[in-house]
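Just so it is clear, none of the values below were taken in a lab; they were calculated from the coordinates. It should be emphasised that the depicted structure is a prediction, and the values quoted were computed from it without experimental measurement. So basically every Cβ, Gly included, is an ideal-geometry build from the backbone, and we count neighbours across all protein chains shown.
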Amino acid sequence: PPEYHLAQYWLEQERYQEESTRGRTRELNLQELEDQLTSAFMSMKLRQGCFLLAHEAVYKASYRIALEEALLELATQLPYRNIPSVSVYLHCYRMLRFPEEDANFTAFRTRFFQSIGLFPHPELRDLFLLAINFCIRKINQTAEGYLREALELYQKGLETEALLENGILSRFTYNNAIGIALRLQDLDWAEYFLHHYRPYLEGEQQEAAFSLNAARLAFARRQYGQVLALLQRADYRDLINNMVAKTLQMKAYYELDEYDLLEAHLRSMRAFLRRKRRMGYHQQNYLNIIRYTQKLLTLNPMDKEAVKFLEKEIRKTEPLTEKEWLLGKVVKV
């Protein structure tokens with residue numbers, strides 16, 4: 001890490017002071033001093049740049065990053081390009097700075113995986129999260145190939161325990177890892193992960209997170225009755241998880257042809273959302289899901305124009321996280 005080179009610089013500084021006070025004028029360690037200081041500065045600067053670029057991508061902020069061009073050029077030269085902390089952050093920076101170039105992600109992943117054992121736990125965690133969040137942004141831009149990359153990062157981060165914090169696994173990591181495995185139809189790994197990492201969740205969140213994700217897995221296996229049973233096992237205090245559970249319940253009712261229960265459930269979901277007015281993007285997303293599910297219920301399958309019109313509406317509507325499921329139902333109609 002950058003701090004290693006800074007510590008080495010201070011050690012070389014002490015050595016220099018000691019040798020220079022002895023009157024030695026030859027073979028002083030001035031080059032070592034220069035190299036360690038430059039390595040520390042470059043890796044710290046690149047690391048900070050990575051955090052700025054990651055923040056820009058999410059919050060649409062704009063930061064001024066000094067010496068960018070010179071830094072990127074110097075980092076490719078010897079001896080710096082062979083220094084792990086410089087090289088890893090250089091490739092991470094390029095990945096975030098030029099996200100449209102897939103080769104930058106590949107280069108970062110390769111160098112990062114080669115150097116995993118050299119970084120302390122907090123820094124390793126940051127690097128995994130930078131890479132995972134990058135993949136998720138690419139997936140959200142319809143770059144489906146990054147699903148497998150994201151899952152491999154989760155698997156490596158769990159294997160090295162980098163994604164654990166004081167032995168605890170975040171429920172967000174738990175939810176996201178299973179969600180990506182389900183999208184890849186890697187149901188066996190999802191089941192392994194679901195049970196193996198359940199004890200690593202915080203005690204008060206464990207039952208809710210486990211039952212919700214077990215229900216998601218059951219839905220992927222078309223075990224719709226099991227979905228409903230699992231969703232009744234926990235109190236979902238987290239607002240978003242509550243809505244994820246309600247949406248899963250809605251889909252299970254539809255798949256089971258329980259239309260009376262479904263209509264009552266949709267009314268309940270809408271009333272719930274009206275009481276929760278601080279959800280922003282999420283509120284509109286779930287209102288859209290309710291609206292199009294209700295339209296599915298009243299759609300006349302013999303009216304081909306109406307079917308085509310509904311399909312077109314669903315395709316163009318944003319936000320709509322259940323778009324794929326809704327389109328699948330329209331096609332079957």
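State whether one or more residues within the range 210-225 are among the hydroxyl-bearing types (Ser, Thr, Tyr), buried (at least 16 other Cβ atoms within 10 Å of the Cβ) and either closer than 26 Å to Ile168 by Cβ or in contact with a Lys or Arg (Cβ under 8 Å, 6 or more places away or on another chain) (or both).
Yes, because at least one residue in the range 210-225 is among the hydroxyl-bearing types (Ser, Thr, Tyr), buried (at least 16 other Cβ atoms within 10 Å of the Cβ) and either closer than 26 Å to Ile168 by Cβ or in contact with a Lys or Arg (Cβ under 8 Å, 6 or more places away or on another chain) (or both).
Out of the residues in the range 35-62 that are assigned to a helix (DSSP H, G or I), polar (S, T, N, Q) and over 20 Å from the mean Cα position of the chain (by Cα), state the one that is surrounded by the most Cβ atoms within 10 Å (Cβ to Cβ).
So, considering only residues that are assigned to a helix (DSSP H, G or I), polar (S, T, N, Q) and over 20 Å from the mean Cα position of the chain (by Cα), the one surrounded by the most Cβ atoms within 10 Å (Cβ to Cβ) is Ser43.
Applying the selection to the range 230-259, what residues are part of a helix (DSSP H, G or I), among the aliphatic types (A, V, I, L, M) and surrounded by 15 or more Cβ atoms within 10 Å (Cβ to Cβ)?
Leu230, Leu231, Met243, Val244, Ala245, Leu248, Met250, Ala252
Inspect the range 279-297 for any residue being part of a helix (DSSP H, G or I), of a type in the set (D, E, K, R) and out of contact with any Lys or Arg (no Cβ under 7 Å at 6 or more places or on another chain) and give the result as yes or no.
Checked the range 279-297: at least one residue is part of a helix (DSSP H, G or I), of a type in the set (D, E, K, R) and out of contact with any Lys or Arg (no Cβ under 7 Å at 6 or more places or on another chain).
Residue-by-condition table, conditions (1) touching a residue at least 12 places away in the same chain (Cβ under 8 Å); (2) of a type in the set (A, V, I, L, M, F, W, C):
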residue	(1), (2)
Arg278	no, no
His282	yes, no
Leu287	yes, yes
Gln294	yes, no
Leu299	yes, yes
Met302	no, yes
Lys312	no, no
Pro319	yes, no
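Give the range 313-333 a look and list any residue that's assigned to a helix (DSSP H, G or I) and either touching a Leu at 6+ places or on another chain (Cβ under 8 Å) or surrounded by 14 or more Cβ atoms within 10 Å (Cβ to Cβ) (or both), or say none.
Those that are assigned to a helix (DSSP H, G or I) and either touching a Leu at 6+ places or on another chain (Cβ under 8 Å) or surrounded by 14 or more Cβ atoms within 10 Å (Cβ to Cβ) (or both): Glu313, Ile314, Arg315, Lys323, Trp325, Leu326, Leu327, Lys329, Val330.
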